[in-house]
Amino acid sequence: MAGPAGFVCGAVLLATLTGCAGYVDGPRAGVYVASPVVEVAAPADYIYYPGYDVYYNSNLHLYAYMDGGTWVSRPEPRGVSIDVLLASPSVRMDFHDSPANHHAEMARQYPKNWTPSGAHQVEKAQVEKAPVRKAQVAKAQIARAQVKKATPKAEKRDEHGEK
């Protein structure tokens, strides 16, 4: 097909393919770039409880402490109730990163037997209990209400035992 017949077949094929491309109006290829998402987190505000080596993050409502040689953050402190912790001496920290970065210095400055000298004591109203604790209290109240509702009331009787 090297002669005129090959040339004609090639030209027809080229015209056919080129003609089809001109009439196709399908989806257009393009590149979609999503706008960047910028998250701004409030810096952590910590309250340190030296008697228990526990830090409370008041923004995230989490307690940070060492557990088995590793720093953890949990909704409740380990080994002490929230009520007991809140009643113990505490001090607001000036750092806003992880307590792990400052604990050695804080433990020296505020030993386990440390007590505040007036200005250092954190107002207990400033520290909210963790949301988990609030949920536990709500569940207990619901359970008490259900028990109260299920308990039959004693019928009123007069002094002779009659209704």
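The single residue among V80, V84 that is without any contact (Cβ under 8 Å) to a residue 12 or more places away in the chain and among the hydrophobic types (A, V, I, L, M, F, W, C) turns out to be V84.
Return a yes/no flag: does the stretch 99-121 have any residue that is exposed (fewer than 10 other Cβ atoms within 10 Å of the Cβ), modelled with pLDDT under 55 and assigned to a loop (DSSP other than H, G, I, E, B). Yes, the stretch 99-121 contains at least one residue that is exposed (fewer than 10 other Cβ atoms within 10 Å of the Cβ), modelled with pLDDT under 55 and assigned to a loop (DSSP other than H, G, I, E, B).
Has the stretch 78-98 got at least one residue that is exposed (fewer than 15 other Cβ atoms within 10 Å of the Cβ), part of a loop (DSSP other than H, G, I, E, B), within 22 Å of the chain's Cα centre (by Cα) and hydroxyl-bearing (S, T, Y)? The answer is yes, given that some residue of the stretch 78-98 is exposed (fewer than 15 other Cβ atoms within 10 Å of the Cβ), part of a loop (DSSP other than H, G, I, E, B), within 22 Å of the chain's Cα centre (by Cα) and hydroxyl-bearing (S, T, Y).
Can R28 be described as surrounded by 11 or more Cβ atoms within 10 Å (Cβ to Cβ) and either farther than 28 Å from S117 by Cα or modelled with pLDDT under 95 (or both)? Show your work before the answer.
On the way: surrounded by 11 or more Cβ atoms within 10 Å (Cβ to Cβ): no; either farther than 28 Å from S117 by Cα or modelled with pLDDT under 95 (or both): yes.
So R28 does not fit the description; no.
The values are calculated or read from the model by the stated rules, or taken from the named source; none is laboratory data. These figures come from a predicted structure and were not determined experimentally. Glycine gets a Cβ as well: all are built from the backbone with ideal geometry, and neighbour counts include every protein chain shown.
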